[in-house]
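Worksheet: one structure, shown below.
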Amino acid sequence: MISTINRLTQHYETKHGHRPNLLYVNIQQLETLQGQLCEANIDVISQLIGMEIIIVKDIQESYVSWAQMSWKHKSIA
């Protein structure tokens, strides 16, 4: 899942000229990410990846996008 996020982010940034700030995942993808990062807290994961996480029940593949919004998490990197 981490490599997928990196690939999606790089593709988005190349195409749009800026990084995405939203990551859309289903429950299974979130669980995979939690296992890979050894972190259960979605807020901490959001800080680590630098994107808000949006859980969408019916999607098959994760994707990223950008929205103008106030960032509710501060980066810990």
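Scanning the stretch 36-51 for residues being exposed (fewer than 14 other Cβ atoms within 10 Å of the Cβ) and among the small types (Gly, Ala, Ser) gives a total of 1.
The test for being modelled with pLDDT of 95 or more, out of contact with any Lys or Arg (no Cβ under 7 Å at 6 or more places or on another chain) and under 21 Å from Gln68 (Cβ atoms) holds for Thr14.
The values are calculated or read from the model by the stated rules, or taken from the named source; none is laboratory data. Because the structure is a prediction, the values reported are computed rather than measured. Ideal geometry is used to build each Cβ from the backbone, glycine not excepted, and the neighbour counts take in all protein chains shown.
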